[in-house]
1. Considering only region 64-82, how many residues are modelled with pLDDT under 90 and either open to solvent by 60 Å² or more (accessible area, probe 1.4 Å) or farther than 23 Å from A333 by Cβ (or both)?
2. Looking at region 272-294 only, could you name the residues that are surrounded by 11 or more Cβ atoms within 10 Å (Cβ to Cβ) and of a type in the set (S, T, N, Q)?
3. If a residue has to be part of a loop (DSSP other than H, G, I, E, B) and in contact with an Asp or Glu (Cβ under 6 Å, 6 or more places away or on another chain) to count, how many in region 1-42 make the cut?
4. Pairs needed: first member in region 19-37, within 18 Å of R63 (Cα to Cα); second member anywhere, basic (K, R); C-beta distance under 8 Å; at least 6 residues apart or different chains.
5. For region 20-40, enumerate the residues that are farther than 18 Å from E161 by Cβ and among the small types (G, A, S).
6. Considering only region 182-197, how many residues are at pLDDT 90 or above and assigned to a loop (DSSP other than H, G, I, E, B)?
7. Counting only residues that are assigned to a helix (DSSP H, G or I) and at pLDDT below 90, how many does region 261-299 have?
8. When you scan region 103-152, how many residues do you find that are open to solvent by less than 50 Å² (accessible area, probe 1.4 Å), modelled with pLDDT under 80 and assigned to a strand (DSSP E or B)?
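The values are calculated or read from the model by the stated rules, or taken from the named source; none is laboratory data. What you see is a predicted model, and the numbers here were worked out from it, not measured in a lab. When we count neighbours, we look across all protein chains shown, and the Cβ atoms used for this are built from the backbone with ideal geometry, even at glycine. Each accessible area value is taken on the protein alone, full model and side chains, heavy atoms only, with ligands, DNA and RNA left out. Shrake-Rupley method; radii C 1.70, N 1.55, O 1.52, S 1.80 Å.
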Amino acid sequence: MVLSGGGARGAYEAGVIRYLTHELPRRLGRPINIDIVCGTSVGAIHACYLAATAHEDDQRGARLVDLWKSMKIDEVLPLSFRDLFRIPRRLLGLRRVAERIRGGEAPERLYGLLNTQALERFVVRAVPWKHIRSNVRAGRVDAVCVAATQIATGQVAIFIENRDRHVSRWTRDPTIVARATRLTPHHALASASIPMLFPAVRIGSSYYADGGLRLNTPLAPALRLGADRVLVIALRQEPRQAHEAALSEQRVEDYANPTFLFGKVLNALLLDPIDTDLSRMRLMNEILEDGEKAYGPEFLERINTVANRERGNPFKKIHDLVIRPSADLGQLAGQVLLNMRDEHMTSPLLRFAARGLTRRSGSTPESDLLSYLLFDGNFLAPLTDLGFADARAQEEALVEFFTDP
């Protein structure tokens, strides 16, 4: 299973996980078996949760959903007007942090614009971290991967916990490094550190930020670890040219809104690469199939003789299944915010987001930036319901996916 990053959008993943761990086993007549689980950002937190609860009953998905629904923006991301005025000072304070680091100090966090202490405490409490190791040792999960971006080098670090705590002959790509480790909350929080908004996290002597900057949907680690079937949970609708063209006409007047533009930048950084990665994987499947048609069924065996010798990893055809939102999550966030206007809106973050939100005739307002930050049950509850419904809509495909020939 490969889990994507996207801040508060992760509630969608929780809804999918609830279906996979509770409803689908009833249809299959047995629990689902996930050998390898990889995640980035909020997907990294969910990957650790799945590994840490692999020994539990079928209610673990429901408990995860309940955790998401219980969130309140004022508690998870507390932000007062005084905090808003302090943002420039926090930015200027980065220079003092740099001086401290050069002087030999190594703070646990590098400053971000938002105070994430409450969110970090939530993550620490939500995942029974000590059980990751025991479940890996017991063979309930073969490997757990968390992707984070090392700030100093720009490399993607794949932190892997597997049974022998050893990773050999990973990849020739110098931008991706694999590190066997025992996963802790620090690894997941580093992977979920949205640039500029959330503080970077120190692991060892290096600082790490959101893995989604380079590898938001970590397909490669799953394949390198031997997966031949990959279930991907994406956090963006499938691109449709006609739909995007129509929306582009509506969006022109929003370009002057900085929160609108920042949300689109985050989309480009964190969400867009998944379709490119899937296209490459499917292209490789087609090449292998065409090779077998042209040279016979021994083609794959012969080419893998060389691949195993040169890289230690054979080529294989990968069966993939993607579950993705059937609705625009940015528009859903905008609609939820408009509905919340009638309530007592105490969060300055929500007030700031609502100020630039407008409803045009025949259209639904959108707020991509808010969809990453709206850690509030008003938004998260319908998001988990959407994930559950979208997974259920693919029940037949999921039954086939989890059934061994």
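1. At the first step, the residues of region 64-82 found to be modelled with pLDDT under 90 are 72-82.
Within this subset, residues satisfying the condition of being either open to solvent by 60 Å² or more (accessible area, probe 1.4 Å) or farther than 23 Å from A333 by Cβ (or both) are 72, 74-75, 81-82.
Total satisfying the criteria: 5.
2. N285 - this is the single residue of region 272-294 that is surrounded by 11 or more Cβ atoms within 10 Å (Cβ to Cβ) and of a type in the set (S, T, N, Q).
3. First pass over region 1-42, keeping only residues part of a loop (DSSP other than H, G, I, E, B): 1, 4-6, 29-35, 41.
Subsequent filtering for residues that are in contact with an Asp or Glu (Cβ under 6 Å, 6 or more places away or on another chain) retains 35, 41.
Result for region 1-42: 2.
4. Y19/R392; T21/R60; E23/R392
5. G29
6. Residues meeting the conditions: 3.
7. 19
8. 1
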